[in-house]
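Q: Before anything else, here's the structure in question.
The values are calculated or read from the model by the stated rules, or taken from the named source; none is laboratory data. Worth saying up front: this structure is predicted, and the values here are computed from it rather than measured. All Cβ positions, glycine included, derive from the backbone under ideal geometry; neighbour counts span all protein chains shown. The accessibility values were calculated without ligands, DNA or RNA, using every heavy atom of the protein model including side chains. Shrake-Rupley method; radii C 1.70, N 1.55, O 1.52, S 1.80 Å.
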Amino acid sequence: MSWVYGQDVGKKGGVMVATKGLYERFPDQIRDAPINEPLILGTAFGFALHKGATAIPEIQFSDYSLNTLHWLVLLGNQRWQSAGTVDVNVILRLPVEPLHGGSVYHSMCMEGFYASIPGITIVAPTTSRDMYGLLRSAAEYPGPVLVFESKGLYRMTLGDAFPGEPTDPKEIAALKRSIGFGGHIPDLPDDFRVPLGKAALRRPGKDITVVTWGRCTLFCNEAVQKLAAEGVDVELLDLRTIVPYDSEAVLASVRKTGRLLVVHEDRVFASLGREIQGAVQEAMAGENVITRVLGQDASPGIPSPIEIEEQIVVSPEKVHAAVLEVMSIRRAKAAADSAAPARPARGSADVFARPQILWTPSRNSVT
């Protein structure tokens, strides 16, 4: 049995209208909660301890899940400390990322906070098709799953259509409105799944690997189209599951291209992107891979004015510039193939790397 629980998730359908229509169809399984995030997650934990139970709590904004850290750590360790004898199928839905003037406490990216918690699986889908398939897989998984739902992706028509979905723009707009405001729930295939831990290859390429997830996939895709016209062949990987991420797919791609750019909405300092970068550098030691991580600017938080927010967050233009920066570094041949080249003078355009990390310091690292 499944149970959906959170602030205004019932008749109102949640602040993002993501659960609209569920209360009318499943009145015994949809419950509004008080404004008490530890209570929401704690009761979900208790419910999920019952055999065959799946708890799907929602916290209105991911920022307000920070006071549930104790529960998240306990959830992540439950199967380990019980030697696999206790299942806790909790699927915690969290709207994430900056959008339209949310300011400091409605704009957080949670990867840097939660990716290090042992035992937690985290998904960050880009398309509605992946969202549906990952939720189906999460419901069959015995452990806890966090779902990072990018606020900028709600009700976007992205990726492949489901069987029977309209393709006419007017019909698509009408369907989106009926889902978002009328609570219409379309019939979807019950057997469709997207496996946890598997990345999606959005575009093959040979010059550079771009790894991303969530709303940044849109930014990257726009930049990739422009770069293709400029002669840069980008391989684009959408992780979909960010913990554990598909390291095999990432390494296979970077071994082919020799260059890696990780793009995410989070700040770079102590980020998941930095972890992926470091793991690639360690796995490819001596192979002269060129890497960089691109994230939002190192500001204390997202400001209220939208005009300033747009300058701080990731954009297609920033992705385009970052790819060109990584491409501007010429890879040196491995030592086994040739002698190490002389390093050019500072400021020279002919820069070698053996290997080189392009690092943007956090404000915590600047005195």
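Q: Taking the 0 to 90 degree range and rounding to the nearest ten, how far is the long axis of helix 37-48 tilted relative to the main principal axis of the chain, both from C-alpha atoms?
A: 70 degrees
Q: Please work out the FRET efficiency for the pair residue 283 and residue 104, using the Cβ-Cβ distance as r and a Förster radius of 35 Å; give the result to the nearest 0.05.
A: Working from the Cβ atoms, E equals 0.45.
Q: As a check on your grasp of the helix formula, calculate [θ] at 222 nm for the chain: sum -39500 (n - 2.57) over DSSP H runs of n ≥ 4, divide by the residue count, round to the nearest 500. Let's see the in-between values first.
A: Details: 11 runs with 116 residues, N = 367.
Dividing the helical sum by the residues of the chain leaves -9500 deg cm²/dmol.
Q: Determine one quarter of the surface area of the Cα convex hull of the chain, which equals its mean projected area, and express it in nm² to one decimal.
A: Answer in nm², one decimal: 21.1.
Q: Hey, what's the chain come to in accessible area per residue, 1.4 Å probe, Å²?
A: Accessible area per residue: 47 Å².
Q: What ranking do 210-223, 5-18, 174-187 get when scored by the average of other Cβ atoms within 10 Å per residue, highest first?
A: Output ranking for 210-223, 5-18, 174-187: 210-223, 5-18, 174-187.
Q: If you don't mind, there's one more thing I want to ask. State, to one decimal in nm², a quarter of the convex hull surface area for the C-alpha atoms of region 190-347, i.e. the direction-averaged projected area. Working shown, then result.
A: Values: hull surface 49.3 nm².
It is 12.3 nm².
Q: Suppose the Debye formula is applied to equal point scatterers at every Cα of region 18-110; what is log10 I(q)/I(0) at q = 0.15, 0.17, 0.18, 0.21 Å⁻¹?
A: Calculated log10 I(q)/I(0) at the listed q: -0.67, -0.82, -0.90, -1.10.
Q: While we're on this one: To the nearest 20 Debye, how big is the dipole of the chain about its Cα centre, given +1 on the beta carbon of each Lys and Arg and -1 on that of each Asp and Glu?
A: 540 debye
Q: Could you give me the ³J(HN,Hα) list for region 52-68, computed from phi with Karplus coefficients 6.51, -1.76, 1.60 and θ = phi - 60°, whole Hz, x at Gly and Pro?
A: Using θ = phi - 60°, the values come out as x, 9, 10, 9, 10, x, 10, 10, 3, 10, 4, 3, 8, 8, 4, 7, 10 Hz.
Q: Modelled label-to-label distance, residue 171 and residue 11, 7 Å Cα→beta-carbon offset: nm?
A: Here the modelled spin labels are 3.5 nm apart.
Q: Moving on to the next point. Measure off, as a whole percent, the carbon and sulfur share of the 1.4 Å-probe accessible area of the chain, all protein chains present.
A: 56 percent
Q: Rounded to the nearest 20 Debye, what is the dipole magnitude of region 89-173 about its Cα centre when Lys and Arg each give +1 and Asp and Glu each give -1 at the C-beta? Provide the component values of the computation, followed by the final result.
A: Details: 6 positive and 9 negative charges, 40 e Å.
Dipole about the Cα centre, nearest 20: 200 debye.
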